[in-house]
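Report on the structure given below.
No value in this document is a laboratory result; all are computed from the given coordinates. All figures in this text were calculated on a predicted structure; none of them were measured in a lab. Positions of Cβ are backbone-derived with ideal geometry, glycine not excepted, and every protein chain shown enters the neighbour counts.
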Amino acid sequence: MKTHRILFLAGSLLLVGAIVAFKPDVNAQEPAKSNAAASPPIAEFEKYLSNAVLTGVFTVDGQPLNKLEEERYEIKSAKKVAGEEKLWEITTRIKYGDKDLTVPVFVNIEWVGRTPMIVLDSITIPGLGTFSARVVFHERKYAGTWKHDNVGGHLFGRVEPAEAK
């Protein structure tokens, strides 16, 4: 179980790096004048995810829900990959036990209007395992599902700006 927790935290940190909460533009003056979907706020989301910290909890399928495990993800930067429709590079710091590394992870982000969702479908991260996930961000919160190899569950928490050093 400890190995799964280490691998899950490392993988979900990478994954959740992309899954940060997003604050929609509450200052919009007018509704869209056409029926076409509004463009996703790419630059705004890049800024919001960069230098952010996600703190929350996760569940493990089949385990009691009254003993949630804590998680923490530090997102150093988030950038949409130029020329790609959904691909983003999320640089995330992973700290767990004696491991402390910063790595770039490539994830898809899909949008429902102005709501971002990270999508991972059986992505193998060398040395860590294979991961799948769906994580939605809304008003400084994130929530979703995860799977690491044959273990899965739910995750949820809040998104906050990283403290300046």
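Some notes on this structure:
- Checked against (1) over 19 Å from T124 (Cα atoms); (2) in contact (Cβ under 8 Å) with a residue 40 or more places away in the chain, N66 passes all but a single condition, namely (2).
- Number of positions in the stretch 134-160 that are touching a His at 6+ places or on another chain (Cβ under 9 Å) and in contact (Cβ under 8 Å) with a residue 24 or more places away in the chain: 5
- Residue check, T130 surrounded by 15 or more Cβ atoms within 10 Å (Cβ to Cβ), under 12 Å from the mean Cα position of the chain (by Cα) and β-branched (V, I, T): no
- Pick from the stretch 67-85, criterion of a type in the set (A, V, I, L, M, F, W, C) and more than 19 Å from G56 (Cα to Cα), ranking: farthest from the chain's Cα centre (by Cα): A82
- Matching residues, the stretch 117-127, being in contact (Cβ under 8 Å) with a residue 60 or more places away in the chain and surrounded by fewer than 18 Cβ atoms within 10 Å (Cβ to Cβ): I125
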